[in-house]
């Protein structure tokens with residue numbers, strides 16, 4: 001990861017953490033080809049998070065952003081190491097967080113424009129004729145994305161034969177081969193970014209939100225023999241595919257919730273709402289009988305909540321909603337099979353435990369020192385950002401703490417107040433420019449916390465929180 005400032009030097013160690021963005025009109029319609037890239041990186045043993053869609057709602061072109069690491073990660077990270085830009089006009093490098101030491105793959109005319117004085121300082125530019133290569137292969141609109149995948153496979157040292165076996169539809173392969181051949185013949189690397197070495201990490205499975213929901217709904221209702229869990233260890237991809245298919249048949253739309261994406265399954269008292277940009281707006285404080293609302297922080301947590309919420313519903317005699325916020329809805333994550341096994345085993349064990357014990361498991365998690373100067377409170381996908389920001393702060397001797405509630409106020413208000421008593425200042429971290437968890441906390445407690453939120457059109461990053469002087473954050477008292 002290239003440094004964002006002179007006083008944060010590049011660390012030369014054994015860790016790999018690569019932020020790759022592919023953006024441009026050619027990405028539209030080639031989601032299956034992009035999935036091949038994600039599968040290949042996962043097969044290499046890397047941890048991966050991928051965010052699909054228009055970048056933060058601000059750039060007019062479709063994009064996918066991938067964070068690839070040998071270490072477990074909890075957020076999409078910060079900065080951009082490699083940008084493959086497929087359009088014919090020059091990109092806004094600042095918008096993509098391209099910085100000194102980053103790589104840009106772009107059309108030759110764009111490369112010439114960027115390399116002309118005054119050149120963009122420190123960015124390594126490689127000209128790639130994406131349009132010409134696409135036309136030579138037949139001119140399919142989505143083919144440009146497959147050309148880019150071929151270029152990136154050669155450029156980053158990914159095994160092309162593995163990536164090819166995942167490519168769909170089949171015609172994508174000729175576009176992929178064209179990009180691969182061009183990069184092998186014409187690109188002479190002047191950078192150190194490389195993914196050619198496989199990592200001996202445990203097995204992972206790739207999941208998006210809808211696959212995770214189907215997987216959660218199928219748990220305990222599959223038609224597998226007693227060896228179901230051992231099958232997950234031996235053939236995780238096949239196990240997931242079978243259970244996702246089974247779970248999808250159990251899901252139906254929840255018409256009485258008033259949400260475009262609200263689903264119910266075989267578990268009484270549980271409704272799943274997907275893609276809520278501001279989950280906090282669903283809490284009408286005057287209705288005590290309103291459902292208890294849990295917000296997932298990542299894919300594995302989403303699975304865990306689906307499996308735990310029915311027991312909680314029975315224990316509390318309340319309906320439960322499990323919500324996935326907008327950022328997490330657009331994400332694909334690699335989940336270690338060991339984590340999947342752990343959550344599944346706990347779920348099956350909880351089916352025979354006392355109901356009160358189930359409720360205890362949903363208490364908020366706290367990290368950091370007691371009596372810290374600053375205490376962050378975050379819900380949903382913002383929790384992953386806060387976790388990495390807290391780790392950065394503590395590595396540099398900055399005294400912070402954090403609380404990660406599962407449920408929205410007023411249900412979690414007592415835990416938030418208890419946390420506030422152990423820190424000097426409470427800061428509510430919002431997941432987007434539209435969320436208002438701070439208002440819920442203020443309305444249901446005696447606290448008057450500060451608020452930290454991303455600017456419109458941007459996503460909050462761990463570095464934003466660490467630097468605190470701006471860089472995409474708006475902090476209000």
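Points to keep in mind about this one:
- The residues of region 356-369 that are loosely packed, with under 15 Cβ neighbours inside 10 Å and at pLDDT 90 or above amount to a single one, 365.
- Pairs where the first residue, in region 274-289, is not assigned by TED's automatic domain parsing to the domain that holds residue 255 and the second is surrounded by 10 or more Cβ atoms within 10 Å (Cβ to Cβ) and at pLDDT 70 or above, C-beta under 6 Å, 6+ apart: none
- Residue within region 67-75 that is buried (at least 22 other Cβ atoms within 10 Å of the Cβ), within 23 Å of the chain's Cα centre (by Cα) and in contact (Cβ under 8 Å) with a residue 60 or more places away in the chain present: yes
- Among all positions in region 63-80, there is no residue which is closer than 21 Å to residue 142 by Cα and assigned to a loop (DSSP other than H, G, I, E, B).
- Every condition in (1) touching a helix residue (DSSP H, G or I) at 6+ places or on another chain (Cβ under 6 Å); (2) in a helix (DSSP H, G or I); (3) modelled with pLDDT of 95 or more is met by residue 403 except one, and the failing one is (2).
- Of the residues making up region 235-243, at least one is surrounded by 12 or more Cβ atoms within 10 Å (Cβ to Cβ), modelled with pLDDT of 85 or more and assigned to a loop (DSSP other than H, G, I, E, B).
- Test result for residue 157, surrounded by fewer than 21 Cβ atoms within 10 Å (Cβ to Cβ) and without any contact (Cβ under 8 Å) to a residue 12 or more places away in the chain: no
- Restricted to region 245-320, the set of strands (runs of 3 or more DSSP E) holding at least 2 residues that are in contact with a helix residue (DSSP H, G or I) (Cβ under 6 Å, 6 or more places away or on another chain) comprises 270-276, 292-295.
The rows are residues; the columns are (1) at pLDDT below 95; (2) assigned by TED's automatic domain parsing to the domain that holds residue 237.
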residue: 297; (1), (2): no, yes
residue: 310; (1), (2): yes, yes
residue: 322; (1), (2): no, yes
residue: 336; (1), (2): yes, yes
residue: 341; (1), (2): yes, yes
residue: 344; (1), (2): yes, yes
residue: 354; (1), (2): yes, yes
residue: 372; (1), (2): yes, no
residue: 384; (1), (2): no, no
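- Residue match in region 198-209 (condition: modelled with pLDDT under 90 and either in contact with a strand residue (DSSP E or B) (Cβ under 6 Å, 6 or more places away or on another chain) or in a strand (DSSP E or B) (or both)): yes
- Restricting region 439-453 to residues that are surrounded by 23 or more Cβ atoms within 10 Å (Cβ to Cβ) and under 23 Å from the mean Cα position of the chain (by Cα), the residue that is nearest to residue 323 (Cα to Cα): 453
- Within region 128-149, the residues that satisfy the criterion of being in a helix (DSSP H, G or I) and buried (at least 20 other Cβ atoms within 10 Å of the Cβ) are 130, 133, 134, 143, 144, 145, 146, 147, 148, 149.
- Lone unmet requirement of (1) surrounded by fewer than 20 Cβ atoms within 10 Å (Cβ to Cβ); (2) in contact with a helix residue (DSSP H, G or I) (Cβ under 6 Å, 6 or more places away or on another chain); (3) closer than 17 Å to residue 106 by Cβ for residue 183: (1)
The values are calculated or read from the model by the stated rules, or taken from the named source; none is laboratory data. Predicted model, so just to flag it, every value in this text is computed and none were measured. No Cβ is skipped: glycine too gets one built from the backbone with ideal geometry, and neighbour counts run over all protein chains shown.
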